[in-house]
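In what follows, a structure is listed as structure tokens, so that the remarks can point back to it.
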Amino acid sequence: MSLHFDLHCHSSFSDGVLPPEELALRAKSHGVDVWALTDHDELNGLSDARRAAQKAGLDFITGVEISITWIGKTIHIVGLNFDENNPALVNGLATLRQGRKDRARMIDARLSDLGMHHTYEGALQYVANPELISRTHFARYLVDIGEGRDLNDIFSRFLAEGKPAYVPHQWATLEQAVSWITGAGGVAVVAHPGRYHLSDVQFDVFFNTFKELGGEAIEVVTGSHTPDQYAQYANVANQYGFMASMGSDFHSVKESRIDLGMLPDLPKKVVPVWKKWGYV
Ligand code: AMP
Ligand code: MN
Ligand code: MN
Ligand code: MN
């Protein structure tokens, strides 16, 4: 019987709703054998997650989802199986989290211009980890005060790129993210490549640059891809010589389309990222 992997999800240490302990139990009950927590720009949930995973009988892999800016666009790079105490990684992520606080003040000002006041304080009511504030926390607050039907509605009217409360932000560079991850002994993975609005030429430059910098894998099966995209990015992985990763990108029971552990297996023709760690 083959092992089941879920190598992408979020806890309340970033913009997920459940604490790491509950995620571990949920993963176990959904048949996951090997689990990674990949909070946005944050490692502080990993020790709770590891402890809970051990208790639940899950293999635990350290993870993170790093926000980067590449040719002006926001892209996510997942890091897996690294040393979570590596100083360059720890310090780099701390800088990103500070940037999030500054951006949140500006999002508050933009929303104020639109007649929605004190949303920074409102969003903070949804933040469990004061070190990490996300647009998702603003969106949860705005839904609950009746400004929209659901998160997607709030993002598509206010918070998504190009919308009136969107604040352009400079995240890490691709080079920084990959070097923080690989410098800490981990594998750098392009998160949900199907989500980015890049032309074919831009994708080609991006994948080649990522590879030259030491990136080794891309997500193929993710809660953020359609089944057609599973097949498409399996081909991309093989074409560029990347290993393939998979994960639900689970954030919450109410909000996420795909629950923890509920994805189909990777297509047979790819090389799974976990081969590198001795799993078959
Ligand atoms: P941030 O990293 O603070 O810019 O927030 C990005 C997060 O917002 C992503 O990780 C998603 O969890 C969430 N997000 C982005 N777009 C949408 C959307 N259309 N609907 C719901 N959540 C979204
Ligand atoms: Mn998120
Ligand atoms: Mn992402
Ligand atoms: Mn994610």
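The values are calculated or read from the model by the stated rules, or taken from the named source; none is laboratory data. These numbers come from a predicted model, not from an experiment. Ideal geometry is used to build each Cβ from the backbone, glycine not excepted, and the neighbour counts take in all protein chains shown. What goes into the accessible areas is simple: the full protein's heavy atoms, side chains included, and nothing from ligands, DNA or RNA. Shrake-Rupley method; radii C 1.70, N 1.55, O 1.52, S 1.80 Å.
Residue count for the stretch 68-86 under the criterion of being buried (at least 19 other Cβ atoms within 10 Å of the Cβ) and within 16 Å of ligand 4 (Cβ to nearest atom): the result is 7.
Residue pairs whose Cβ atoms lie under 6 Å apart, separated by 6 or more positions or on different chains, with the first residue in the stretch 211-238 and under 20 Å from LYS275 (Cβ atoms) and free of Cβ contacts under 8 Å to residues at least 40 places away in the same chain and the second in a helix (DSSP H, G or I) and open to solvent by less than 10 Å² (accessible area, probe 1.4 Å), are GLY214/VAL178; ILE218/PRO193; ILE218/ALA237. Counting just the residues of the stretch 105-126 that are within 16 Å of ligand 2 (Cβ to nearest atom) and buried (at least 21 other Cβ atoms within 10 Å of the Cβ), which one comes out nearest to LEU18 (Cα to Cα)? Applying the filter and picking the extreme gives ALA123. Pairs are defined by a Cβ separation below 9 Å, a sequence spacing of at least 6 or placement on different chains, a first member in the stretch 244-271 that is over 15 Å from CYS9 (Cβ atoms), and a second member that is modelled with pLDDT under 95; the pairs so defined are ASP265/SER2.
Based on what the data block shows, is LEU58 in contact with a strand residue (DSSP E or B) (Cβ under 7 Å, 6 or more places away or on another chain), without any contact (Cβ under 8 Å) to a residue 40 or more places away in the chain, away from ligand 4 (no atom under 16 Å from the Cβ) and over 19 Å from GLY185 (Cβ atoms)? When the stated conditions are applied, LEU58 passes them. Those strands (runs of 3 or more DSSP E) of the stretch 162-280 in which at least 1 residues are more than 26 Å from GLY99 (Cα to Cα) and not β-branched (Val, Ile, Thr), considering only elements entirely within it, cover 217-222, 243-247.
On the basis of being under 24 Å from THR69 (Cα atoms) and either open to solvent by 30 Å² or more (accessible area, probe 1.4 Å) or in contact (Cβ under 8 Å) with a residue 60 or more places away in the chain (or both), does GLY278 make the cut? In short, no. Condition first: farther than 24 Å from GLY278 by Cα and either under 17 Å from the mean Cα position of the chain (by Cα) or buried (at least 24 other Cβ atoms within 10 Å of the Cβ) (or both). Now tell me which residues in the stretch 5-38 satisfy that. The answer is HIS10, SER11, SER12, PHE13, SER14, ASP15, GLY16, VAL17, LEU18, PRO19, PRO20, LEU23.
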